[in-house]
Each structure stands twice: as C-alpha cells, then as structure tokens.
Amino acid sequence: MKRLLWFVLALLVMLAGCTEMVETNAPAVAGKEMTVHFIDVGQGDSIFIKSPSGKTMLIDGGVKGAGKTVVDYLHSQGVTKLDYVVATHPDADHIGGLIAVLNSISIKEFIDSGKVHTSQTYEEMLTLIHNKNIRYTVPTTGDTIALDSVVNVDVLASDENAADNNDASIVLRVAYQQISFLLMGDADHGIEQQLLNSGVDVEATILKAGHHGSNTSSSAQFIKEVNPLATILSYGQDNKYGHPHAEVVDTLKQAGSDLYGTAESGTIVVATDGVTYDVNAKQWTGIGATSSITLSKSDKVELISKDLQAEIVAIQNNSNETVNLQGWKLISVEGNQEFNFPNINLVPGKKIYVTSGTDAKASGNALEWTKKQIWLNSGDAAKLKNAKGEIVSELP
C-alpha cells in the first residue's frame, strides 16, 4: 500500500511539472457566446456584433429607408446603447440607415472611414455626430478596436485619401478564439491584392463577401487565401446590379464555402462559442443570381473607379490582349445615359478615363463624354458593355 501511495504521489508531482506543456497543446475551451447578425436591409450592408461580455458594435446601416428596420432590430435584441458604430465608407447603401440609428440609440464611439463625401446623407451623419458629442475616430490600417478583451478586432484596411469610395472601405477581421469573421465592406480586387501583398492574416471562418457579391470583388486568389467555411452575401432581391454575380458564386463554391444570402433568408445570425459556430439559416439556393457574366480573355476590361465629384470614370484592360473599344458603351444607370466609345485600342494593363461635367476634356488617355453632369452626387451606378451588348463590368 505504501508503494502504491508513493507511486501516486510521484505521478501527481510529475503531472504538475508538465502542466505548462499540457495547457499549451490543449484545444481551445468553449467560452460564452458571441453573435454576429447580418441584418437584412435589402441592397446594402448592416452588421451587428454582440461580444461574449455583452459589448456591442454596429457596422453600417443600409440605405436611409432601412434605418427603421435596423433600429427596430437592435431594440428587439435589447440594445439601448452601442459601444461602437462603424461606417465602412460613405456610400448611401452603407451609411443611410445610420441616420435613424444616431437619432434613436446612444452611441459611445463612431468610427468612420474619413473619406469625404458631398452627399446630403453624409453631411447629415456628421452633423448628428457633432451635435450629440459622440467620440469620432478615423482608423488607420493596423489599428485594433477594443470591443472585448477576448475578441480581437483588427483594421486590415482603411484609406481616407482613397480616390474611390469603395477603395476607402474599412476592412475588419473579428476573431474570437478559433472562429473569425472577415468583413470586407465594398473593398474591390485592388484592396484584396493590397491585403495579400502586405502579408496580413486574411484567413477567416466566415466571410462577408465584398461589394454584395459583385464581380469587382472576391477574386479567386483572394478567396483561396481567406479559405472561408461560410460566406454571407448581403444583397437585395432583384437588384438592378445583378448581385451576386454568378462568377463570384462559382469561385466561392469551388473554394468549398457554404453560402448564405440575406435576400433569401432575411437576417442571418451566426452564433459562436469561439470553438464552433452555428448559422440560423438555410444555405443559399441561387435566387438573385440574375446576372451571369462570362468573360472571355479579350473582354476582361473592368471599371476600376468612379469619382462622382470630379466626374471621371477609370477603365482598365486586365487581360493579356489589346482590346478595341469601338461599339462598347459606358452607361449611367440612374440617368439612363450612354457613352459610345470611339475606335480606340486599349492595350493590356493600361487605363483610359471617361470625363464629364464642366471640366471634361479629351487629352492623352482621357475621353470627353459631355460638359453636362452625368454622375449624381448621391450615387449613380455605372455599367460597361462590350460590342455584343454584354455587361462585362459595373460599379454601384
């Protein structure tokens, strides 16, 4: 019996000395629940996060008409105050609904892209932040947001000096133990490539697809690096942009990601204990993929930016072949106006600019459309059609 007792005692001492090694190799222990709500605001974005300790963050608010929907949803979740509100960029389908939120719910800190916009909605938003004396912050790439001690919120991208609203998008990676969310705003291929080039960790369990599933985002290379187990598509049914685009859906499916869409499922809630996660929705079936765009090598010409104030649209040839633009059209969707390209060749990697407004001019690689204003300051979608009449690129 004494030998047995000494053996047990020795074993306990040995295990005590190995405690550090055992803890290091042990799997993560499930903690309290964190929920991420992708609120159905139609054609727009609005994401609500409730951390394990009850801290709250709202990222975007959809269009102005969706403001009541967002406020009502937050109230249904027992929210009377928000620790953080993030406006990823100043497009109307992201900040419009924040007006109602600012008027209805107490906000501790407002985080804005800092990208200046002349729209009435943007000015109204800033005025409310100022009048309510809400702390206002413009983050920089590499910053962290102190939402919760057990949750890491990293700013992967933010550029207040970006030439385009979408390029100014605040990109956030939210990680709770083993489960992470990558929230892309409307960041496009260019921002995705910058993230890949920087070496920052973009791998995520859940991806909120950039730009509502537009083919201006979610490149195959980027999706491969993110390697999402699930992807949320936030868009409105039968939207005029055809979001989500079929080629983006194909890329995500080929990557093995489960798809979920707000147009089909309404508000989607992802709950996680830091080890596992659960999505309260059925997987996406394909409703809403109304724009199937097949790009041939010679047609891979893309709209890369649209400056509403300067009235300049940039187009780039990202293929390996020279493309003749005769018969191609640039379309202002809201105004139903068309620019017909002349007989001009666009060589691989080169850009061409279509100018309008009082400062429009034809010089070098710039083409003049008209001296009249084409692009509405409140936001006007652009589409690019090839000579066959096929939509090959678009920007909201």
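The values are calculated or read from the model by the stated rules, or taken from the named source; none is laboratory data. Note that the structure is predicted; figures quoted are calculated from it, not measured. Cβ atoms come from the backbone with ideal geometry, glycine included; neighbour counts cover every protein chain shown. Heavy atoms of the whole protein, side chains included, go into the accessibility calculation; ligands, DNA and RNA do not. Shrake-Rupley method; radii C 1.70, N 1.55, O 1.52, S 1.80 Å.
Looking at the chain from every direction and averaging, what is the projected area of its Cα convex hull in nm²?
Working: hull surface 95.3 nm².
Approximately 23.8 nm², given one-decimal rounding.
With springs connecting C-alpha atoms under 10 Å apart, model the chain as a Gaussian network and identify which of Ser51, Ser363, Ser218 has the largest mean-square fluctuation.
Highest fluctuation of the listed residues: Ser363.
Per the 1.4 Å probe, what fraction of the accessible area of the chain, in percent, lies on carbon and sulfur atoms?
Solvent-exposed carbon and sulfur of the chain make up 50 percent of the total.
Using a 1.4 Å probe, what is the accessible area per residue for segment 80-133, in Å²?
38 Å²
Any idea what log10 I(q)/I(0) is at q = 0.16, 0.20, 0.27, 0.35 Å⁻¹ for segment 331-371, Debye with uniform C-alpha scatterers and no solvent?
So the normalised log intensities work out to -0.46, -0.69, -1.04, -1.22.
To make sure I understand the rule: partners must be lysines, Cα under 20 Å from the Cα of Lys32, and not fewer than 8 residues away in the same chain. Which ones qualify?
Lys50, Lys55
Enter the mean projected area of the convex hull around the alpha-carbon atoms of segment 167-214, in nm², rounded to one decimal.
3.3 nm²
Angle check, please: helix 189-198 long axis (alpha carbons) against the longest principal axis of the chain (alpha carbons), in degrees 0 to 90, nearest 10.
Rounded to the nearest ten degrees, it is 40.
Using the Cα atoms of segment 54-105 to build a convex hull, what is its mean projected area in square nanometres?
Details: hull surface 12.3 nm².
The directionally averaged projection comes out at 3.1 nm².
Pairs Lys300/Lys361; Lys224/Lys329; Lys240/Lys351; Lys81/Lys240: which are spaced more than 29 Å apart, C-alpha to C-alpha?
Pairs exceeding 29 Å: Lys224/Lys329; Lys81/Lys240.
Mind listing the phi-derived Karplus ³J(HN,Hα) values for segment 248-263, rounded to whole Hz, using 6.51, -1.76 and 1.60 with θ = phi - 60°, and x for any glycine or proline?
Ordered by residue, 3J(HN,Hα) equals 5, 4, 4, 4, 5, 5, 5, 7, x, 8, 6, 10, 9, x, 5, 5 Hz.
Please arrange Tyr260, Tyr73 by accessible surface area, largest first, computed with a 1.4 Å probe and ligands excluded.
Tyr73, Tyr260
Just to be sure I understand the model, the point goes 7 Å from the Cα along the line to the Cβ. What's the resulting Asn133 to His75 distance in nm?
Reported label-point gap for Asn133 and His75 is 2.6 nm.
Sort 203-214, 154-165, 349-360 for me by packing, meaning the mean count of neighbouring Cβ atoms within 10 Å per residue, highest on top.
So the order, starting with the most tightly packed, is 203-214, 154-165, 349-360.
Compare the peptides 80-93, 307-320 by average per-residue count of other Cβ atoms within 10 angstrom and give them in order, highest first.
Output ranking for 80-93, 307-320: 80-93, 307-320.
State whether segment 69-213 is rounded, prolate or oblate according to the following rule on the C-alpha gyration tensor (a ≥ b ≥ c being the square roots of its eigenvalues): a/c under 1.5 gives rounded; otherwise a/b larger than b/c gives prolate, and the remaining case gives oblate. Each step should come with its number before you reach the end.
On the way: a/c = 1.76, a/b = 1.25, b/c = 1.41.
Verdict is oblate for segment 69-213.
On a straight-distance basis, which aspartates and glutamates could pair with Lys385 in a cross-link, Cα separation under 12 angstrom, same-chain partners fewer than 8 positions away excluded?
Output for Lys385: Asp299, Glu302, Glu338, Glu394.
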